[in-house]
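Worksheet for the structure shown next.
The values are calculated or read from the model by the stated rules, or taken from the named source; none is laboratory data. Given the structure is predicted, the values throughout are model-derived calculations rather than measurements. All Cβ positions, glycine included, derive from the backbone under ideal geometry; neighbour counts span all protein chains shown. All accessible areas refer to the heavy atoms of the entire protein, side chains included, with ligands and DNA or RNA removed. Shrake-Rupley method; radii C 1.70, N 1.55, O 1.52, S 1.80 Å.
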Amino acid sequence: MYKYLLVSLLFISLTVTAAPKYVDISLAKHVLGRVAFSVSVDELPKYTQQPYNQFIQGLLSQSNTNPITPPPSWTKDALLRVNKSMSQEQKKTVRKKLREQSGELKTWWYREMIQTANPVNEWMTLFWHNHFTSSLQKVKSPLLLYKQNELLRQHAMGNFAVLLQAIAKDPAMLVYLDNRSNRKKKPNENFARELLELFTLGEGHYTESDIKAAAKAFTGWGISKNAEFVFKKKQHDNSVKTFMGRSGNLDGDDIINVLLSDPQTALFLTEKLWRALVSDDINSAATKKESHRLANVLRQASYEIKPWLLAMLNSAGFLDEKNRGSLIKSPVDFLVGFFKQFSLPLNDANILPKASKQIGQDIFDPPNVKGWPGGKNWITSNTLLLRQQYLNRGLRAMEKSSEKMRSKNINMMNAADQDIKKISYDDLQALLLPILESNNREIIATQQDWLRATRKIVLQPAYQLK
Amino acid sequence: MLRRDFIKFLSGVPVLAYCPQLVYANTKKQKTIILVELQGGNDGLNTVIPYSDPEYYKLRPNIAIPKDEVLQLSNKLGFHPALQSILPAWKGNDIAIVNGVGYENPNRSHFRSIEIWETASQSEDYATEGWLAKHLLAQTMPVDINAIVVDNDLGPLSGTDNAIIINDVEKFLQGARKLNKTSNSLNNSALQHIQKVQSSIALSAEQLALKVKSAKNIKASFPKTSFSRDLKTIASIMAAGVNVPVYKLSLGSFDTHAGQQWQHKKLLQTLGDGLAAFRSALQEQSLWDDVVVMTYSEFGRRAQENASRGTDHGTAAPHFIMGGKVKGGFYGEQPSLTNLVNGDLVYKVDFKLVYTSIVQQSWSLPTVKSSGYGKLLPFIRI
């Protein structure tokens, strides 16, 4: 008797920790909501009825990292900037042009996030934008920010070591953290400090003298007139520096290599991805143990990002039912997700940069080098009211939109549950919310019903969760 | 009055000992505290300038403010010329300048250092509750809304119940009317947070709506900056008679690593012009005597300029206390420019002493145990 009990207990613990075999609506919604900005409600059911491994492998296997939205035409032009020889009038014209370009750049990225065929790569691009931050406000060049975005997208699921080396030489980054004006006689510590504190080790794993040594090692890194990376030999400090216990005539690349050889770097990155992907909790004993295991995956894979991401999507924490709907959608998750779920017209994407800024996430303009604080900070009395306002506006637009679009949404509902044909309020909730708040079997029969039910569902607090 | 009972409940036995002071406290007009965060680390040496010290000009050959441009306040110190518009307030004895404000074992990370300031913790301790949260429980003025934040970050008010963020009063009320009433018992802390925000919106909207109807219009004109717009929002809520003990707003970014002259000038101008307009508006409403405005920032900047005509993260800096009942003048002590530690100024006044001095004098709180940071700075006329 007790033998059977043991066996069944073993079976239960296995089913809890091992990846579920088949994907249901709830799991598909969980994964897509966390790493792919959600998906249109009519597509959601298509992801079910397949083994979990096949599902996530499929999401991560797309290798195309080129955007499918054509970038603004000026991205092929030469660098545009204000220079001292210009007249007041010319400067004004250039500044106006740069402001327009900034707006176009932001709109372009929102469009790409909505329509990309490789949404996981795009989500990771945004993750790295929040890690290796740079802002238009400081860099003052939409072109350089575009190029940085290209770099992040290209390596988003590539290799972190390669990405780190490339970002240190990225012109926008050299401007953003003042490394371009880091000279032998007067080192500028800004980049060195953030490299250690925010990009690799995290606060508390280095000393002030490590920062000073790193700043010296990076002296001479800069950009040319055409804003390309250059090494200015004469500005480089060739003295012996001691950094994290290693001494020698270290240069910037040496510093990066020391940081990559430190296991703390992989742990720091893992905890950051965990908070973005799994849960705010990184301090419980179980999570700590899991973070160390996943950090080891990243190191074992020589900083290849894909196996690391895959391991996290397969981790018990990510699959734990308790973590469904436990994160608050970022403004980008919220807005891009809303557009995707209801197939809102792409023309309306022009409002996204401003809307997103108002609810706390102005892409290409993070508040500071630490990026967006996120988590519960996303929801304040101000941003919550604004989020509700955007939902109301979007729904009103949907109501007034063409017959064709409305019937598309109705067809979605039918596609979701082909056997029953008619779906209930709860079925619609199951497609839209990560956790269910009510029990309502009322059948949705008409377009009016559908709109009313949708409004009621998305205005619930649970719609703010993923 | 429920609130008073709650405080008694919290303080337990010592409540008797506090009673005489509570009676005393109530005979005084309590002040509204207005926190102005200078985000990014303001360069103190180019704000209140030690223009008579030749060392200042040696350390900053490119970015020092020439002596003849400094607005002289004493024979040693003077304002950056961009602060011209608050000179009348200084002359009217409405500005206290606390010199050399900082803390032991300074941290030069923006994020860690502002956390230390916001939570009033030691450099080595990690706390999450904002420093004002517990003082708000102890203060005794009537309260409609505990705190209003006009930027996006609760900061020193983290952990305060019924602290809300409002950028526009009308829009806030409109939105609050549309909010669905919800309740949920799921054990999900993210969801609970959203629900808590919802109920605090509903509660505050109720209080605001009652009073805003009868609000007086502000006549004083404000500059067209978002900082001034935020100050105007605060002035309007105060004029409507809504009881709010604390407001917070911010201005930035003061993180002037490169080419700081133009940027710093523009920021100080925005600060000075905004505060001057705020003073006029509150004087017009006879409210200027009821406020204490205080600036703070995560750190000052390195004494020596860097090669990019900017300054790197530093330590101590001066801060301003403003209001109709402020005793103007200098407090604290200007740090020496020759006795630097790692190129940084040595602080003279712990910021925690400034905090204690502010809350105890603004809210006439029963004196707490000696803070260990020195005698209270008597910059408010009680």
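In region B:34-69, which residue that is assigned to a loop (DSSP other than H, G, I, E, B) and of a type in the set (Val, Ile, Thr) is surrounded by the fewest Cβ atoms within 10 Å (Cβ to Cβ)? Top of the filtered list is B:Ile63.
Filter region A:373-392 for residues that are surrounded by 19 or more Cβ atoms within 10 Å (Cβ to Cβ) and touching a Gly at 6+ places or on another chain (Cβ under 7 Å); which is farthest from the other protein chains (Cβ to nearest Cβ)? Among them, the one singled out is A:Trp378. Collect the residues in region B:186-195 that are more than 8 Å from chain A (Cβ to nearest Cβ) and surrounded by 15 or more Cβ atoms within 10 Å (Cβ to Cβ), keeping them in residue-number order. Residue satisfying the conditions is B:Gln192 alone.
Residue-by-condition table, conditions (1) touching a Leu at 6+ places or on another chain (Cβ under 6 Å); (2) part of a helix (DSSP H, G or I); (3) assigned by TED's automatic domain parsing to the domain that holds A:Val35; (4) surrounded by fewer than 19 Cβ atoms within 10 Å (Cβ to Cβ):
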site	(1), (2), (3), (4)
A:Glu100	no, yes, no, yes
A:Lys106	no, yes, no, no
A:Glu112	no, yes, no, no
A:Met124	no, yes, no, no
A:Phe132	no, no, no, no
A:Leu144	no, yes, no, no
A:Glu150	no, yes, no, yes
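When the criteria are applied in full, B:Thr338 fails the requirement of being open to solvent by 10 Å² or more (accessible area, probe 1.4 Å) and in contact with a Leu (Cβ under 7 Å, 6 or more places away or on another chain).
Among the residues of region A:197-223, those identified as over 19 Å from A:Leu163 (Cα atoms), among the polar types (S, T, N, Q) and surrounded by fewer than 24 Cβ atoms within 10 Å (Cβ to Cβ) are A:Thr207, A:Ser209. Just one of the listed residues (A:Ala276, A:Ala301) is buried (at least 16 other Cβ atoms within 10 Å of the Cβ), of a type outside the set (S, T, N, Q) and free of Cβ contacts under 8 Å to residues at least 12 places away in the same chain, namely A:Ala301.
Selection within region A:174-196: residues that are in contact with an Asp or Glu (Cβ under 6 Å, 6 or more places away or on another chain) and open to solvent by 10 Å² or more (accessible area, probe 1.4 Å). The member of this set that is nearest to the other protein chains (Cβ to nearest Cβ) is A:Glu189.
Conditions (1) within 14 Å of another protein chain (Cβ to nearest Cβ); (2) farther than 30 Å from A:Ala168 by Cβ; (3) assigned to a loop (DSSP other than H, G, I, E, B); (4) out of contact with any helix residue (DSSP H, G or I) (no Cβ under 8 Å at 6 or more places or on another chain), marked per residue:
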{"residue": "A:Ala266", "(1), (2), (3), (4)": "no, no, no, no"}
{"residue": "A:Leu269", "(1), (2), (3), (4)": "no, no, no, no"}
{"residue": "A:Leu294", "(1), (2), (3), (4)": "no, no, no, no"}
{"residue": "A:Ala311", "(1), (2), (3), (4)": "no, no, no, no"}
{"residue": "A:Gly325", "(1), (2), (3), (4)": "yes, yes, yes, no"}
{"residue": "A:Asn347", "(1), (2), (3), (4)": "no, yes, no, yes"}
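Of the residues making up region B:150-178, just one is open to solvent by 30 Å² or more (accessible area, probe 1.4 Å), facing chain A (nearest Cβ under 7 Å) and either part of a helix (DSSP H, G or I) or more than 23 Å from A:Pro373 (Cα to Cα) (or both), namely B:Lys178.
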